[in-house]
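In what follows, a structure is listed as structure tokens, so that the remarks can point back to it.
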Amino acid sequence: MDWLHASLPFLKVLGAFALMLLGIRCKFGLGLSILAGGVAMGFLFYLGPLPLLRVSAAALTREKFLFLAAIVGLILILSDALERSGQSRRLMDALSGYLTSPRLRLVFFPALIGLLPMPGGAVFSAPMVKAVSAQMALNNEDRTVINYWFRHVWELAWPLYPGIILTVALADIPIASFISRTWPGVIAMFALGWIFFLRPGVLRSADLEGAPLSTAPRRLGVALREGVPLLVAIVGGVGLEAGLSAWAPGVPFEWGVLAALSAAVVCVMVQNRLGGAFLLDVLSKKSLRTMLFVIAAIFIFKDIMQAAGVVDAMALSAGDGIALFAASVLLPFLVGMVSGINVAFVGATFPLLLGLLDALNIRELLLPYLVLASFAGFTGVMISPIHICFILTCEFFGAELARTWRRLVAPCLCFALIGAIMFWILRQGAL
């Protein structure tokens, strides 16, 4: 029965994760599901009610939690302001004169909208894909997979995405250190999108006939003006983070991100003459409260796991390989697939992975394992049939869900394989 004793900590963790996944699947909400999983894990590892309450209260006063809540709040405000003011559409109109290739026009707007980390953003770009493909002989499944895939090409390396911000906050590493390893994922997404959805062997030239050449004027000055908030947020955030790391290493890098995002929000409000009423409206939105609750649940989950000694129990009862495979591949993929949200697999599984790396004394392999887990989790997100972007895009174009989903399987598997190759390369370099 030694095998049963050794596997007991894993069975407890899997039970807590099963409860979490059930809650997500039954639409109880991501925050409540993660919180329920954390409480269940605490009880299963003999953490009593009072210690649970103390750990939860302490988690919500941590500096990392307060920074992350403020950063995500500012990102949501910026995205909402750009969308509701029409500034993002004006930016697209100004850039349309540069789009002479039909294939480029199909992917440009989903990719551009992908720079704005908004939930369900694919449905924002779907009308634009419909407009540019109106004269093309494409079926609705083609339009759906193109819009869905290219909407998500940036998610592993774009510093405004909450999943990336949460990853570096949990791991306590500079954001530049992380995205300097994950940026090949963006190239892989574009390449796989071309191979499986856009190349002439898949999307015939005859299908694109009838698409008129763009006659819109090229307005670089207008595009730059309308893109100022995004430039301030991205360039300012990365620049200030790098500057603080170099010249003021004692100052948390989050201050630089907060300053850049605040400046970007001010910029979009000044450009569009948005007043205090707009800010109050955004701050009272349910989506903002929901996201902040999810972040709170993630930090509570992480601290409960640490206080209950979950990681130490797993590390002592099983071999390194089994524990690390579960934490870096299997669980991120499953949570990503069931939730369809990057923040979900990061928040639910990365604390476990980080704890295992510390317990096994292989912290030097932190970045390779973070990259592997990110690729595994994101593969699950992209292949998830309940991903909100996928469902909304299928609904918008009237595409048959099962037939469209089957077209995602091969590129997603290829993407996972690329992640495994990157892990091997980074691991060799770290040893």
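Here are the numbers:
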item: Sole residue being over 24 Å from Gly86 (Cα atoms) and not aromatic (Phe, Trp, Tyr), chosen from Val294, Val268; result: Val294
item: Candidates Gly210, Gly237, Gly185, filtered to the one that is surrounded by 19 or more Cβ atoms within 10 Å (Cβ to Cβ), of a type outside the set (A, V, I, L, M, F, W, C) and at pLDDT below 85; result: Gly237
item: Close pairs (6 angstrom Cβ cut-off, 6 or more residues apart or separate chains): within 13 Å of Arg181 (Cβ to Cβ) in the stretch 150-169, modelled with pLDDT under 90 and surrounded by fewer than 24 Cβ atoms within 10 Å (Cβ to Cβ) anywhere; result: Val168/Ile175
item: Arg289 vs. criteria at pLDDT 80 or above, surrounded by fewer than 16 Cβ atoms within 10 Å (Cβ to Cβ) and at positive phi; result: no
item: Only one of Ala58, Ala70 that is under 20 Å from Ala169 (Cβ atoms) and at pLDDT 90 or above; result: Ala58
item: Helices (runs of 4 or more DSSP H) wholly inside the stretch 42-100 that include at least 3 residues being touching a helix residue (DSSP H, G or I) at 6+ places or on another chain (Cβ under 8 Å), under 18 Å from Ser125 (Cα atoms) and not polar (S, T, N, Q); result: 63-84, 87-95
item: Among (1) modelled with pLDDT of 90 or more; (2) not in a helix (DSSP H, G or I), the one test that Leu370 misses; result: (2)
item: Top-ranked residue of the stretch 156-182 - restricted to ones that are of a type in the set (Ser, Thr, Tyr) and under 18 Å from Phe345 (Cβ atoms), ranked as modelled with the lowest pLDDT; result: Tyr161
item: Pair list, Cβ under 9 Å, 6 or more apart: the stretch 292-312 residue over 12 Å from Leu52 (Cα atoms), other residue among the charged types (D, E, K, R) and assigned to a helix (DSSP H, G or I); result: Phe299/Lys64; Val310/Lys12; Val311/Asp358
item: Filter pass, Ser317 being polar (S, T, N, Q), more than 17 Å from Ala16 (Cβ to Cβ) and either over 18 Å from the mean Cα position of the chain (by Cα) or modelled with pLDDT of 85 or more (or both); result: no
item: Residue selected from the stretch 374-410 under the condition small (Gly, Ala, Ser) and within 15 Å of Gly340 (Cα to Cα), by the criterion surrounded by the most Cβ atoms within 10 Å (Cβ to Cβ); result: Gly377
item: Filtered residues of the stretch 18-56 (kept if surrounded by 19 or more Cβ atoms within 10 Å (Cβ to Cβ) and among the hydroxyl-bearing types (Ser, Thr, Tyr)); result: Ser33, Ser56
item: Test: residue in the stretch 344-365 that is at pLDDT 85 or above, within 17 Å of Phe17 (Cβ to Cβ) and of a type in the set (Val, Ile, Thr); result: yes
item: Spans of helices (runs of 4 or more DSSP H) in the stretch 143-194 with at least 3 residues under 16 Å from Leu426 (Cα atoms); result: 175-182
item: Residues that are among the β-branched types (Val, Ile, Thr) and either closer than 25 Å to Thr290 by Cα or touching a strand residue (DSSP E or B) at 6+ places or on another chain (Cβ under 6 Å) (or both), drawn from the stretch 8-32; result: Ile24
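The values are calculated or read from the model by the stated rules, or taken from the named source; none is laboratory data. On a predicted model such as this, the values are computed, not experimentally measured, just so you know. Virtual Cβ from ideal backbone geometry, glycine too; neighbours counted across all protein chains shown.
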